[in-house]
C-alpha cells in the first residue's frame with residue numbers, strides 16, 4: 001500500500017478528498033443561504049436573528065477555509081467554482097426567505113444534512129487513522145449538534 005507524506009494511504013486519501021470537497025460544496029451553499037437570511041430577515045425578531053445569522057455565516061466562512069486547507073493537506077485541490085458547489089451540494093437553496101421560522105428551519109435542515117456528510121467523512125478518516133480530518137469532523141459535529149438543539153429550542157420543539 002502506497003502512503004503519502006502524512007503516512008496515510010494514497011488511494012483512500014483521494015477518496016477522502018472527494019468527500020471533503022462534497023462537504024466544502026455544501027458548506028458554500030449553506031454560507032450563501034446564511035448571507036441571504038441575514039440580509040432578508042424581517043419581523044419582530046429581526047435584531048436578534050440578523051446578528052445570529054451573521055455569527056453563523058462568519059463561523060461557516062472559517063469552516064470553509066479549514067475544509068479547503070484539509071483538502072490541500074491531503075494532496076487534493078479544493079473545489080472553488082459556484083458551478084462545482086451547485087453540482088455537489090444537496091442543500092436546499094434558501095431564496096427570498098424573510099420569515100423567522102422558515103429561516104431557522106432552513107438552517108436546522110442544512111445543519112442536519114451537513115452532519116450526515118461529516119459523519120461519513122469521520123468514519124472514512126477513522127478507518128485510515130487520519131486523525132487530522134477526524135478531529136476536525138469531531139469538532140464540527142459537536143458544535144453543530146449543539147446549534148441544532150438551540151435552534152430547535154428557539155422553535156419551541158422537543159429534541
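Tabulated values for the structure
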quantity	calculated
Output for region 98-129, where each listed residue is under 25 Å from residue 38 (Cα atoms), more than 16 Å from the chain's Cα centre (by Cα) and crowded, with 20+ Cβ neighbours inside 10 Å	103
Residue list for region 33-72, filter: more than 11 Å from the chain's Cα centre (by Cα), in a helix (DSSP H, G or I), in contact (Cβ under 8 Å) with a residue 40 or more places away in the chain and surrounded by fewer than 18 Cβ atoms within 10 Å (Cβ to Cβ)	40
Any hit, region 73-81, residues being within 17 Å of the chain's Cα centre (by Cα) and either at pLDDT below 95 or surrounded by 14 or more Cβ atoms within 10 Å (Cβ to Cβ) (or both)	yes
Residue within region 76-89 that is more than 30 Å from residue 3 (Cβ to Cβ) and touching a helix residue (DSSP H, G or I) at 6+ places or on another chain (Cβ under 6 Å) present	yes
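The values are calculated or read from the model by the stated rules, or taken from the named source; none is laboratory data. The structure presented is a predicted model; accordingly, all values stated were derived computationally and were not measured. Cβ atoms come from the backbone with ideal geometry, glycine included; neighbour counts cover every protein chain shown.
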